[in-house]
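Shown next, in structure tokens, is the structure this report addresses.
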Amino acid sequence: EPEVTQTPSHQVTQMGQEVILRCVPISNHLYFYWYRQILGQKVEFLVSFYNNEISEKSEIFDDQFSVERPDGSNFTLKIRSTKLEDSAMYFCASRETGMSNQPQHFGDGTRLSIL
Amino acid sequence: RKEVEQDPGPFNVPEGATVAFNCTYSNSASQSFFWYRQDCRKEPKLLMSVYSSGNEDGRFTAQLNRASQYISLLIRDSKLSDSATYLCVVENYGQNFVFGPGTRLSVLP
């Protein structure tokens with residue numbers, strides 16, 4: 001069964017550094033998402049991406065964050081000047097179309113630890 | 001009011017028990033509804049979509065009441081492998097998913 005893959009599985013970074021999280025969505029999917037989950041808290045939406053542009057973003061997704069689809073397969077989340085509170089699990093998800101009742105498929109996440 | 005609320009849990013039940021989870025959502029314009037399960041420190045995995053007429057998948061039954069903005073999940077004949085956190089997920093306009101806080105289930109031998 002095709003799956004969403006994320007790298008790295010764990011990233012440790014010094015506060016203030018930039019980090020790039022990588023995702024390879026399922027190949028025929030058109031909609032891509034990033035979510036985060038702080039330890040012990042709920043999964044929170046960050047951003048959705050379709051047709052090479054951001055379609056929606058949450059309040060969390062401020063100027064510190066950016067997303068890119070640099071080629072036909074990768075979807076990246078960049079966090080500039082990381083803060084301690086950016087420590088979380090980051091999940092990438094993809095979806096074949098935007099039709100209702102179609103689920104999103106999640107990668108196994110990148111655990112980001114900011115020191 | 002939080003967008004998606006769930007039973008706080010945890011639920012500790014013996015193997016073979018029937019357990020029901022409840023979920024309410026605040027946005028009456030919500031379009032789609034799902035139950036995901038999440039094992040400890042793992043990604044959310046789709047359990048089932050929730051349709052207006054209700055739907056069943058083996059031991060799992062989901063119900064939706066749009067008038068009450070209420071979703072439920074029933075698990076019959078619980079297995080040890082059902083132990084996980086169950087996430088109620090609502091899709092709003094714009095297609096992002098809004099997750100509930102989850103209800104943790106422990107099925108005991």
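The values are calculated or read from the model by the stated rules, or taken from the named source; none is laboratory data. These numbers come from a predicted model, not from an experiment. Because the Cβ atoms are built from the backbone with ideal geometry, glycine has one as well, and the counts that use them run over all protein chains shown. When the accessible area is computed, the model is the full protein with side chains, heavy atoms only, and any ligands, DNA or RNA have been set aside. Shrake-Rupley method; radii C 1.70, N 1.55, O 1.52, S 1.80 Å.
Of all residues in the range B:36-46, one or more are on the phi > 0 side of the Ramachandran plot and open to solvent by 70 Å² or more (accessible area, probe 1.4 Å). Note on the range B:54-66: among residues that are within 14 Å of chain A (Cβ to nearest Cβ) and open to solvent by 60 Å² or more (accessible area, probe 1.4 Å), the one that is nearest to B:Asn27 (Cα to Cα) is B:Arg66. Residue count for the range A:81-109, restricted to those that are among the basic types (Lys, Arg) and modelled with pLDDT under 95: 1.
The range A:5-115 holds strands (runs of 3 or more DSSP E) entirely within its bounds, and those carrying 3 or more residues that are open to solvent by less than 40 Å² (accessible area, probe 1.4 Å) and facing another protein chain (nearest Cβ under 10 Å) map to A:31-37, A:43-50, A:88-95. Going by the conditions given, is A:Phe75 of a type in the set (A, V, I, L, M, F, W, C), under 23 Å from A:Ser27 (Cβ atoms) and touching a residue at least 60 places away in the same chain (Cβ under 8 Å)? So A:Phe75 does not fit the description; no. If you filter the range B:84-108 down to residues that are at pLDDT 95 or above and open to solvent by 40 Å² or more (accessible area, probe 1.4 Å), you find that the one that is nearest to the other protein chains (Cβ to nearest Cβ) is B:Pro101. The residues of the range B:1-41 that are in a loop (DSSP other than H, G, I, E, B) and of a type in the set (Val, Ile, Thr) amount to a single one, B:Thr18. Residues in the range B:53-67 that are outside any strand (DSSP E or B) and closer than 29 Å to A:Arg36 by Cα: B:Arg66 only.
Set side by side, the residues B:Tyr51, B:Tyr70 differ, and just one is within 11 Å of chain A (Cβ to nearest Cβ) and surrounded by fewer than 20 Cβ atoms within 10 Å (Cβ to Cβ), which is B:Tyr51.
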